[in-house]
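Rule-based calculations on the coordinates, nothing more; no lab input. These numbers were taken from a predicted model, which means no experiment stands behind them. Backbone-built Cβ (ideal geometry, glycine too); neighbour counts: all protein chains shown.
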Amino acid sequence: MMGQDRFGALCDAYGSDIDRWPEAERQAAHAFAEAKPLIAQPRLEAARALDEALSSAVIEPASEALYQRIVAEGIRVRTPQRPTWAAAAAAVMLTLGLGAGWVAAPVAETPADDVYASAFGAFDSADALSLEEDV
Amino acid sequence: MLRVISGPPSDRRQSDARAGDRALALSVSRGERAAIAALTRRCLPVVHSIARRMIKDSSEAEDIAQETFVKVWRAIDRYDADRARLETWVARIATNLCLDRLRKRREATLGEDAPERADTAPRADALLAAGGSAARVRAAVQALPDRQRLALELCSFQDRTNIEAAEILGVSVEAVESLLARARRTLRKELLEESRDLIDGLSGAHGGEG
C-alpha cells in the first residue's frame, strides 16, 4: 500500500486530481485516499486550491494566421523538388533543342527551302497555267 | 477463426499510434499538403503553449513556433517513430529552441559566466505590477525558473504524462516530479499563503468547487 510520504509527494507534484497522477500509482493512491481520508483529504484540498488558481493562467490558443503561415512554410520547404526539377528539365530540353537545332540546321535548310520554293513554285506554275489558259 | 493477439491492448494502441506517426511523417516528407496541415494542426497547440509560456513577448513566441516548424519540415526525414511520439519530438525541438533563446539572452545581458536563474520565489515587484488575480498568477508562473515553468506547463496545463514531460525536457521522470514539486511549492507560497484573498476571489470565479 502507498505510504503517507509518497501520497504527499505525488500530491505536491501533480495536484489534487489523482487521475492525472502517474498511471502506475493511481490505483494505490485511490486506495490510500479511501483508507486514510483524514490524512489524504487535507492534502488534496490544499493542492486543489492551487489547481484552481493555476486554471486562470492557461495560455490562449495559437492564432489561425500563425497556423496558415506555418503550413505555407511547410509546403514551401517540403516541395522544392518540383520547381527545381521542372527548371532543370526545361534547361536540359532547351540545351538539347538548341544543340540539335544548331547541328541539324544545315541539313534542314534544304528541305525547308524546297518546300518553300515548291509551294510558291506550284503557285507560280498554276498561275502560269491559268495565264496560258487565258491566253 | 482464431485471432492472434500480440500483446495487451495498451501495447497495441501504442503500436498503432506509432504506426500512424510514422505514416504522417512519411507523408510530410513527401510534401503532401494535407499531411503538412494535419501535423501543424496537431502539434501547434503544444508548440505555441511552450513558446508562449517560456517567452513573454507574444510575437517572439510566434517566431519560436515558426522556427520550430521550419526545423520540423527540414528534419522530418530523420524522425524515428520508435523513439518518440511525433508531438513529443516536435515539443522537444520547441523546448530546446526556447531554452537556447533564454540562455543566449541571459548571456547577452549578464555575460557568458551568468548562471541559470536561481530557484527563487517570484519577485514581489512582478506580482504587484501584474495587478489582477489572473495576471498575478501568470506573473508568478512566469517568474519560475525555466525548467520548472516548462514542467508545470506540460503536466499541469497540457495534461502530458510525467513520462512525456521527461522526454520533452530531456530529464528523468524523477527530475520532472522534483521540478513540479518545487514549482508548486513556490506558487503555493506566493499565491496562497501570502495572498489568501487571491484564492478566495478565484474560487468564486470558478464556481467554488469543493
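Some points to look at:
- Residues B:E153, A:E73, A:E64, B:E164, sorted so that the one with the fewest Cβ neighbours within 10 Å comes first: A:E64, A:E73, B:E164, B:E153
- Peptide A:41-54, shielding by other chains (average Cβ, 10 Å cutoff): 5
- Proximal lysines relative to B:K71, as straight alpha-carbon distance under 23 Å, when same-chain residues fewer than 8 apart are discounted: B:K56, B:K104
- Electrostatic tally near A:R69: other residues with Cβ closer than 11 Å to its Cβ, Lys and Arg +1, Asp and Glu -1, net -3.
- Protection proxy ranking of B:87-97, B:165-175, by the mean of other Cβ atoms within 10 Å over each peptide's residues and highest first, is B:87-97, B:165-175.
- A crude spin-label estimate for the pair A:A31 and A:V92, with each label 7 Å from Cα along the Cβ direction, gives 6.9 nm.
- Sparsely packed loop sites in region B:34-67 (the trypsin sites (Lys or Arg not before Pro) outside DSSP H, G, I, E and B with at most 16 other Cβ atoms within 10 Å) comprise B:K56.
- Neighbour counts of C-beta atoms inside 10 Å place B:S59, A:S63, A:S56 in the sequence B:S59, A:S63, A:S56, starting with the fewest.
- Scattering profile of region A:1-71 at q = 0.19, 0.22 Å⁻¹ [log10 I(q)/I(0), Debye over alpha-carbon scatterers]: -0.72, -0.88
- Difference of contour (0.36 nm per residue) and Cα-Cα distance, B:S59 to B:A19: 10.9 nm
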